[in-house]
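Notes follow the structure.
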């Protein structure tokens, strides 16, 4: 992994990203100082970076709280979404029974569930996790359902010929392994939606702490825009880290065997 990163930058491929990022920061500073000239409307890059230094004591705690909300919701969303998606994708009767309810609930925005989250869970971590669950659940369910629906009948017939005739064994040995790439994609999409729901849940008061709470309940009312932008950047960086970590696990660990496949043209 380290050699690949070193090779990446030694070949000059990483220079483009670094240059583009530096250029964006310079343009931001010029626009804020010489065009907008109003720190309330657009704080300068220097002021925002200075805010990181001023907030360094509370940033780790807020990140941990938001990650707790995210972990609760994503874990529950993955467990329930994979289970229901598997049942709907494999069993026709389950699909017919559950599909109407899924299609009615799926278009409802996660924020519409905020009043129920507060009524059922109060201002707790579980209430915030519930909003994340709503956001992550449906992408995971839909992708799992698609994966199980797309299982090639040839694989199923071959498994039956080899003696794997029970539904439980077919799911475990054929359908689930085949669906793993679909499930991984669903989880990755669910992570993105779920992280946005963390901020929304904390913003609307489901929780009394976290990045979203600090951003909209503290910095915005006091017009501390430089600190608000600093937390926006933190939100993006944390999301980037989570996505890269998940991709590393999936590509380097779970689907490492795919790298050995060479397509002949």
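The values are calculated or read from the model by the stated rules, or taken from the named source; none is laboratory data. Since we're looking at a predicted model, the values are computed, not measured. Methodologically, a virtual Cβ is constructed for each residue, glycine included, from the backbone with ideal geometry; neighbour enumeration extends over all protein chains shown.
When region 201-228 is filtered for residues that are under 17 Å from residue 116 (Cα atoms), part of a helix (DSSP H, G or I) and modelled with pLDDT under 85, only 203 remains. May I ask you to list pairs of residues, at least six apart or on different chains, whose Cβ atoms are under 9 Å apart, with the first in region 26-43 being more than 16 Å from residue 223 (Cα to Cα) and the second being modelled with pLDDT under 85 and part of a loop (DSSP other than H, G, I, E, B)? Pairs found: 32/38; 32/39. The number of residues in region 232-246 that are touching a residue at least 40 places away in the same chain (Cβ under 8 Å) and either within 22 Å of residue 216 (Cβ to Cβ) or out of contact with any helix residue (DSSP H, G or I) (no Cβ under 8 Å at 6 or more places or on another chain) (or both) comes to 6.
Residues of region 118-175 that are touching a residue at least 40 places away in the same chain (Cβ under 8 Å) and loosely packed, with under 15 Cβ neighbours inside 10 Å: 123, 167.
Residues to consider are 100, 115; find the one that is under 16 Å from residue 203 (Cα atoms) and either part of a loop (DSSP other than H, G, I, E, B) or out of contact with any helix residue (DSSP H, G or I) (no Cβ under 9 Å at 6 or more places or on another chain) (or both). Walk me through how you get there before you give the answer.
Working: 100 fails: under 16 Å from residue 203 (Cα atoms).
Of the residues listed, the single one that is under 16 Å from residue 203 (Cα atoms) and either part of a loop (DSSP other than H, G, I, E, B) or out of contact with any helix residue (DSSP H, G or I) (no Cβ under 9 Å at 6 or more places or on another chain) (or both) is 115.
Go through region 231-253 and report how many residues are farther than 18 Å from residue 190 by Cα and modelled with pLDDT under 90. Adding up the residues that qualify gives 2. Restricting to region 85-111, and then to whatever is under 16 Å from residue 190 (Cα atoms) and touching a residue at least 40 places away in the same chain (Cβ under 8 Å), can you tell me which residue is surrounded by the most Cβ atoms within 10 Å (Cβ to Cβ)? For region 85-111, the residue satisfying everything is 85.
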